Amino acid sequence: MDTQNPSAPSRAQSRVTGKNHPHAGGLVHDHTRHTTRFTVVGNHLAQHPDLSLVAIGLALHIQSLPAGARVDIKTLTARFQEGATRISAALRELETHGYLRRERERLPGGRIITRTTSCNQPGRHRENGPAPAKKPRPPRPTRKKPLPAVPRPACPAPELLQQATDLLAGLRCHDPRLLLSAHDTAHLAPGVAAWLERDVSPDAVRHALTADLPPEPLCRPAALLAHRLAAQLPPPPPFGAPEPQRLPLQTCDGCDRAFRAPAPGRCRDCRTDLPEAA
């Protein structure tokens, strides 16, 4: 027994790492892909260096709950074996590192509740979730389009514009839908004056504005009248040479024949015969 065996190892040798067993003494995963009832958790939470194991497990539990679930201390204490003190401390850890937000809110009835928000990525806002309700904006006042341009008279005399204004004010007697405001009348009056300036009678202008109106109600009668005044504007009257002045009729003193002359006397034939007779 005293004989030593130099070939025997003094102690049991451990297997060389990475030769036969690459994960000898370490963690081995036996994973199966989840298809239902699973929660995605980031490694920043699962391997957080400053959170306690209770806080990490509690955060995982909270993130797996559906929206609207109760996560107050009383409910969590009834669910887990940890006491209220450890659960309360874990909640404060999560709140400190941004994984949890607890805000007090007063209900319309006066009751105060604590609203808890779970954040799976602290510092980032939810992008695809429902946007917060926005306050309804007051409706903007609708701006009417300006009326179409109307022709302008060459000489806008006050009497001509007044006649045009009176003609427009009387259109409602022919069709009640053509009741115009003072602003619309002031806009259309120069166009009517341009028609009257071109020797168009007031009756003709009135007929051009009121004939063949559509049977349905008129939304903007002033716009329709402005379009007609511009689209149907007649051309200016022709500028012809003045007719020559016609001389009065005279009776010839020689042959009693009528002829035109500025003064009484003889006609052309009688005046021609006098030198021949002499």
Practice problem: Report, by residue number, each residue of the range 250-261 that is open to solvent by 80 Å² or more (accessible area, probe 1.4 Å), at pLDDT below 85 and not basic (Lys, Arg). | Solution: ASP256
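Report the residue count in the range 61-74 for those that are assigned to a helix (DSSP H, G or I) and open to solvent by 50 Å² or more (accessible area, probe 1.4 Å).
The first filter runs over the range 61-74 and keeps only residues assigned to a helix (DSSP H, G or I), leaving 61-63, 73-74.
Filter again for open to solvent by 50 Å² or more (accessible area, probe 1.4 Å), leaving 73-74.
Looking only at that region, the number is 2.
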Quiz item: Checking LEU247 against (1) touching a Phe, Trp or Tyr at 6+ places or on another chain (Cβ under 8 Å); (2) surrounded by 10 or more Cβ atoms within 10 Å (Cβ to Cβ), which single condition isn't satisfied?
Solution: (1)
Quiz item: How many residues does the range 186-205 hold that are in contact (Cβ under 8 Å) with a residue 24 or more places away in the chain and surrounded by fewer than 18 Cβ atoms within 10 Å (Cβ to Cβ)?
Solution: 4
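From ALA154, ALA131, which residue is open to solvent by 50 Å² or more (accessible area, probe 1.4 Å), closer than 30 Å to PRO190 by Cβ and either in contact with a Ser or Thr (Cβ under 9 Å, 6 or more places away or on another chain) or at pLDDT below 90 (or both)?
Working: ALA131 fails: closer than 30 Å to PRO190 by Cβ.
Sole residue among the options that is open to solvent by 50 Å² or more (accessible area, probe 1.4 Å), closer than 30 Å to PRO190 by Cβ and either in contact with a Ser or Thr (Cβ under 9 Å, 6 or more places away or on another chain) or at pLDDT below 90 (or both): ALA154.
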Quiz item: Considering LEU179, LEU209, LEU218, which residue is touching a residue at least 40 places away in the same chain (Cβ under 8 Å) and open to solvent by less than 70 Å² (accessible area, probe 1.4 Å)?
Solution: LEU218
Quiz item: Can you find a residue in the range 43-59 that is open to solvent by 60 Å² or more (accessible area, probe 1.4 Å) and at pLDDT below 85?
Solution: no
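The values are calculated or read from the model by the stated rules, or taken from the named source; none is laboratory data. Please read these numbers as outputs of a predicted model, since none were measured by experiment. Cβ sites come from the backbone with ideal geometry, for glycine too, and all protein chains shown count toward neighbours. Heavy atoms of the whole protein, side chains included, go into the accessibility calculation; ligands, DNA and RNA do not. Shrake-Rupley method; radii C 1.70, N 1.55, O 1.52, S 1.80 Å.
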